[in-house]
């Protein structure tokens, strides 16, 4: 199989990678600098080009994979615009991948692969983006946005304790652990979305026309809420 170049900008991180036959060829993750804005605008294309160049150039890339969220409205727009532009300019097939699915795939690398995986991202406004996956990566709960106490209620009704990871799992650790989930330790790498998992999911994904790929927002962006609030 030819190499896959992937990126995800749904969180505060810039995550890019190239894989071949599921093995990482090159990967980079740039976290948001403390006290500053995420580096999506200035870094995603530069970092993606860097990992591709280190992997043999675009001629060695057969597919492009992009995380479509849910996550940051601005981050998703930048990531999808980058992927669309490259796919159209280089005639590369592009495959959309759910960010929560990629996050959940990383849990198996850290802990017991035979348990349910709860992927949770901090959605701001006191909410969480979440989805639940079977040990074989099949989706049990499709991605949704909710308050932490509602998420905890759903976890409490499960028949087994899921492994939870992500920025939302860290923020709402108390609620999730009280409901019976096991949140991975704070330093665990599985709390971040790694582009290697975007690439691996894309191996079995279906390419889409670049213009047809849409972000998964799950709720209106802040700007729309402000407009609705201020409308007469």
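The values are calculated or read from the model by the stated rules, or taken from the named source; none is laboratory data. Predicted model, so just to flag it, every value in this text is computed and none were measured. Methodologically, a virtual Cβ is constructed for each residue, glycine included, from the backbone with ideal geometry; neighbour enumeration extends over all protein chains shown.
Matching residues to (1) outside the structural domain of residue 14 (by TED's automatic domain parsing); (2) touching a residue at least 12 places away in the same chain (Cβ under 8 Å):
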| site | (1), (2) |
| --- | --- |
| 78 | no, yes |
| 93 | no, yes |
| 105 | yes, yes |
| 124 | yes, no |
Open item on the list: Name the single residue that is modelled with the highest pLDDT among those in segment 208-232 being part of a loop (DSSP other than H, G, I, E, B) and more than 18 Å from the chain's Cα centre (by Cα).
Closed with: 209
Task: residue 81 over 15 Å from residue 198 (Cβ atoms) and more than 19 Å from the chain's Cα centre (by Cα) - done: no
Open item on the list: Yes or no: segment 61-76 includes at least one residue that is surrounded by fewer than 18 Cβ atoms within 10 Å (Cβ to Cβ), touching a residue at least 12 places away in the same chain (Cβ under 8 Å) and more than 17 Å from the chain's Cα centre (by Cα).
Closed with: yes
Task: Subset tally (residues that are in contact (Cβ under 8 Å) with a residue 40 or more places away in the chain and closer than 20 Å to residue 119 by Cα) for segment 1-29 - done: 11
TODO: Report yes if residue 134 is in contact (Cβ under 8 Å) with a residue 24 or more places away in the chain, over 17 Å from residue 167 (Cα atoms) and in the same structural domain as residue 169 (by TED's automatic domain parsing), otherwise no.
DONE: no
- [ ] Only residues that are surrounded by fewer than 24 Cβ atoms within 10 Å (Cβ to Cβ) and either part of a helix (DSSP H, G or I) or free of Cβ contacts under 8 Å to residues at least 60 places away in the same chain (or both): list them for segment 189-199, please.
- [x] 189
- [ ] Confirm whether residue 90 is crowded, with 19+ Cβ neighbours inside 10 Å and either farther than 19 Å from residue 194 by Cα or touching a strand residue (DSSP E or B) at 6+ places or on another chain (Cβ under 7 Å) (or both).
- [x] no
